[in-house]
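Data block below; observations after.
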Amino acid sequence: MKELVTIHSYLVDAEGIGDWEGEEEIAADNLNRLYHAVYDAADDDMEPASLESMLDAIWPYWQHNPELVELDDDMIAGFVESLFDHFANQSGQEEFNDY
């Protein structure tokens with residue numbers, strides 16, 4: 001059921017991500033990589049509302065995090081794992097923002 005979630009509505013470009021001190025392109029690319037990684041890791045039968053909650057938690061977590069422009073594949077994998085673990089424990093988006 002994850003196919004009911006439109007991943008493209010979450011994706012951003014360099015103009016839409018805000019000020020990243022000249023690194024807007026990298027920040028946008030990495031944020032999009034995070035969205036795709038979470039979407040790809042979701043089971044095909046995942047409830048759309050659950051997946052949307054997870055996707056909605058990504059930007060608040062990263063929007064002021066300077067590590068966004070330094071992400072590598074291992075960091076993305078670790079983030080995705082922690083996000084899924086957090087939501088598997090029935091914790092909500094607000095609690096993840098403080099994670």
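Computed from the coordinates by the stated procedures, all read-outs in this text should not be read as laboratory data. Every value quoted in this text rests on a predicted model; they were computed, and no experiment measured them. Here the Cβ is made from the backbone with ideal geometry for all residues, glycine too, and neighbour counts use every protein chain on show.
By the helix-only formula, in which each DSSP H run with n ≥ 4 contributes -39500 (n - 2.57) and the sum is divided by residues, the chain has a 222 nm mean residue ellipticity of -17500 deg cm²/dmol. Against the longest alpha carbon principal axis of the chain, how many degrees, from 0 to 90 and to the nearest 10, is the axis of helix 24-41 turned? Computed tilt is about 10 degrees. Taking packing as the residue-averaged number of other Cβ atoms within 10 angstrom, the listed peptides 2-15, 55-68 run from highest to lowest as 55-68, 2-15.
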